[in-house]
Amino acid sequence: MNASINSDVASVMSALGIEYTVIGCDPEFADTQKFCDHYGYSIDEAVNVLLVASRKGEPKFAACLVLGTCRLDVNKTARKKLGASKLSFASPEQTREMTGMELGGVTAFGLPENLPVWIDSQVMECSRVIIGGGNRTSKISLAPSMLLKIPNAEVVENLAHPASSG
């Protein structure tokens, strides 16, 4: 499969000196669980980039990176960290407007400079992770340490918790 990441994302990654491998993806299988099931990757190494948005007052956003096996702690950790009284996942429209990317392909690279990028500490425990390529036709495989090259990235303890298996 001919795979290429979003050209703006590739430019940013090059400028930051990010080492990565591109994985091609049929857009039909771009969502994390479908991607892992179809291509044989472990959900334990898949990272979702989730945009959250304040629901009251001045609009505030943050990009949160969590493992595919975890759930973002929207109501406590993320809400408090963003300083919002109410917080929710950004809508697909807000995500497109803020990132220029479609759900299923959002990546942490090439985001607006004023957008905080929070990485759940569990992501850093992986030997490699797979993240969106900025489009629904590619994924990026890289060492989690490469995520720390993002200028506004921060590792956050307890940003996510393991999803219940029932």
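The values are calculated or read from the model by the stated rules, or taken from the named source; none is laboratory data. None of these values were measured; they are calculated from a predicted model. Using ideal geometry, Cβ is built from the backbone for each residue, glycine included, and neighbour counts are taken over all protein chains shown. Note: accessible area is taken over every heavy atom of the protein model, side chains too, but ligands, DNA and RNA are not part of it. Shrake-Rupley method; radii C 1.70, N 1.55, O 1.52, S 1.80 Å.
Things worth noting here:
- Residue identified as free of Cβ contacts under 8 Å to residues at least 60 places away in the same chain and either surrounded by 14 or more Cβ atoms within 10 Å (Cβ to Cβ) or closer than 16 Å to I131 by Cα (or both) among A62, A30, A15, A78: A62
- Applying the criterion of being small (G, A, S) and in contact with a Ser or Thr (Cβ under 9 Å, 6 or more places away or on another chain) to the residues of the stretch 91-124, the residue that is nearest to L148 (Cα to Cα) is G110.
- Count - residues of the stretch 33-46 that are open to solvent by 50 Å² or more (accessible area, probe 1.4 Å) and assigned to a helix (DSSP H, G or I): 6
- Residue count for the stretch 10-32, restricted to those that are out of contact with any strand residue (DSSP E or B) (no Cβ under 7 Å at 6 or more places or on another chain) and in a helix (DSSP H, G or I): 10
- Subset of the stretch 65-75 [of a type in the set (V, I, T), open to solvent by less than 20 Å² (accessible area, probe 1.4 Å) and more than 14 Å from F89 (Cβ to Cβ)]: none
- Single match in R96, R128, R136 (criterion: closer than 18 Å to Y41 by Cα, open to solvent by 80 Å² or more (accessible area, probe 1.4 Å) and charged (D, E, K, R)): R128
- Total residues in the stretch 1-27 satisfying the condition of being among the hydroxyl-bearing types (S, T, Y), closer than 17 Å to A143 by Cα and in contact with a Ser or Thr (Cβ under 9 Å, 6 or more places away or on another chain): the figure is 2.
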